[in-house]
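Taking it in order: structure first as structure tokens, then the write-up.
The values are calculated or read from the model by the stated rules, or taken from the named source; none is laboratory data. Everything quoted here is computed from the prediction, not taken from an experiment. Note: ideal-geometry Cβ built from the backbone for every residue, glycine included; neighbour counts use all protein chains shown. Only protein heavy atoms, including side chains, enter the accessible area calculation; ligands, DNA and RNA are left aside. Shrake-Rupley method; radii C 1.70, N 1.55, O 1.52, S 1.80 Å.
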Amino acid sequence: MNKFFYISLLLGLLTYLVVLAYIYLFQRNLLYHPLDNGYQNDEINFDYKEVFIRNKEGIKLKAWLHEKDLINKKTIIFFHGNAGNLRNRNYKLNELSNFDINFLIVAYRGFSGNQGKPSEQGLYEDARSTLDWLKIKGVKEKNLILYGESLGTAVAIETAQNKNLAGIILESPFTSMVELAQKYYPVLPVKFLLKDKYETIKKLQNISSPLLVLHGRLDTIVPFIMGQKLFEQANEPKFKYFIDNDDHMMRYDQNLLDEIKKFISFSY
């Protein structure tokens, strides 16, 4: 009996170690899904120019620029989530194009056919290169609104630190990847395993720009309480749109659009 117990214990330990090794080695494959196409794939109903933004490593990042007046109107920079390509956001971009703004959506390294492999620091660098590109175009920092979707919320907050921006919009944000991963892998020491920690909540103290948090209480991927916690700890001025019957990829219905429009108006 004792021998069987110790053999079972050893096999269990070995299995656990194998799982740890697999998670550590392939964790970025679990986090980033550039080839996923599970989102809506609506037609494009807006005018845009496809541009390429070269980051500091020389990688050309595919981006779409919807331009009304780069100098005199606000510009939204859209940082997408961890899966899919630019076209998967058409249903959002179609609506944003009706506002009196410019927008630029950029694909990270490894996404939408771009070279390179995604990582936390890599995505941050891609975002900084995007702001630098707009600066060269004459766009002032005070005219920028950073829009983060899911994983993109961490990119937006990182990029917004210590800047005087027109605003930041966070759709379905999370507090940190460590906390989120612990929800999915409660028996693993994710704090020590994770390479890309995205500790957004620790950076809120460095954010003074107006903030809008959008989150559905039925979010099955990022717990609603995370968006609520971020909002509570954020500096003023801050605004929220918390909706009872919405999931992770929020519906772009008239109520949500009205909140975004009001926020953009506030930033003028």
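Say we look at segment 199-213 and pick out the residues that are open to solvent by less than 70 Å² (accessible area, probe 1.4 Å) and among the hydroxyl-bearing types (Ser, Thr, Tyr); which of these is nearest to the chain's Cα centre (by Cα)?
200
Check off (1) among the polar types (S, T, N, Q); (2) assigned to a loop (DSSP other than H, G, I, E, B); (3) open to solvent by 10 Å² or more (accessible area, probe 1.4 Å) for residue 255 and give me the number that stays unchecked.
(2)
Please work out if residue 85 is open to solvent by 20 Å² or more (accessible area, probe 1.4 Å) and under 16 Å from the mean Cα position of the chain (by Cα). Give the derivation first.
Details: open to solvent by 20 Å² or more (accessible area, probe 1.4 Å): yes; under 16 Å from the mean Cα position of the chain (by Cα): yes.
Yes.
Can you name the residue in segment 214-251 that is open to solvent by less than 20 Å² (accessible area, probe 1.4 Å) and within 16 Å of residue 156 (Cβ to Cβ) and is also farthest from the chain's Cα centre (by Cα) among such residues?
Here is the first cut: in segment 214-251, the residues open to solvent by less than 20 Å² (accessible area, probe 1.4 Å) are 214-216, 219, 222, 226-227, 230, 234, 246, 248, 250.
Pick out the ones that are also within 16 Å of residue 156 (Cβ to Cβ) and you get 214-215, 222, 226-227, 230, 234, 250.
Details: 214: 12, 215: 13, 222: 12, 226: 14, 227: 13, 230: 14, 234: 17, 250: 13 Å.
Looking at residues that are open to solvent by less than 20 Å² (accessible area, probe 1.4 Å) and within 16 Å of residue 156 (Cβ to Cβ), I get 234.
Return the total of residues in segment 85-122 being under 24 Å from residue 47 (Cβ atoms) and part of a loop (DSSP other than H, G, I, E, B).
The qualifying residues number 12.
Of all residues in segment 181-198 being in a loop (DSSP other than H, G, I, E, B) and over 16 Å from residue 32 (Cβ atoms), which is least open to solvent (accessible area, probe 1.4 Å)?
Filtering segment 181-198 for residues that are in a loop (DSSP other than H, G, I, E, B) and over 16 Å from residue 32 (Cβ atoms), the one least open to solvent (accessible area, probe 1.4 Å) comes out as 188.
What's the total number of residues in segment 130-150 that are under 23 Å from residue 198 (Cβ atoms) and outside any helix (DSSP H, G or I)?
So the answer is 7.
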